[in-house]
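Report on one structure; see the data block that follows.
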Amino acid sequence: MQQVRTAGNLKDVPVVVLASGAGQIMTGSHDQVEVAWEKYEIEQVPRALSSLSTRGCVVLIDGELTKDAVVRAILDVLGAAATAQEGTK
């Protein structure tokens, strides 16, 4: 979360955060504190990142992250940027 805090405010820059629980390294621990911390990171870090921009969003990926999901996210950001640019003309 320290990296999220130091990133600062991205204002209205379009941001898409891709998040997937698949492939997460789990400690396998039965320690409730460790399990709770992992769950917190998986749930909260993407939200915190997307909140750095007024135009941020989280896209939850079901299963493994694929190149198609990345391409869709890039196209979404480009589309949002183009729409914003048209609005300033």
(request) Name, by its number, the condition in (1) over 19 Å from GLN2 (Cβ atoms); (2) hydroxyl-bearing (Ser, Thr, Tyr); (3) in contact with a Cys (Cβ under 8 Å, 6 or more places away or on another chain) that does not hold for SER50. (result) (1)
(request) Check segment 31-40 and report whether any residue there is modelled with pLDDT under 90 and of a type in the set (Ser, Thr, Tyr). (result) yes
(request) Please work out which residue is modelled with the lowest pLDDT, limiting yourself to segment 48-68 and to residues that are small (Gly, Ala, Ser) and in contact with a Ser or Thr (Cβ under 9 Å, 6 or more places away or on another chain). (result) GLY63
(message) Could you list, ordered by first residue, the pairs with Cβ atoms under 7 Å in which the first is in segment 51-74 and touching a residue at least 12 places away in the same chain (Cβ under 8 Å) and exposed (fewer than 14 other Cβ atoms within 10 Å of the Cβ) and the second is among the acidic types (Asp, Glu) and in a loop (DSSP other than H, G, I, E, B), at least 6 apart or interchain?
(response) THR54/ASP12
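The values are calculated or read from the model by the stated rules, or taken from the named source; none is laboratory data. Just so it is clear, the model here is predicted, and its values are computed rather than measured. Methodologically, a virtual Cβ is constructed for each residue, glycine included, from the backbone with ideal geometry; neighbour enumeration extends over all protein chains shown.
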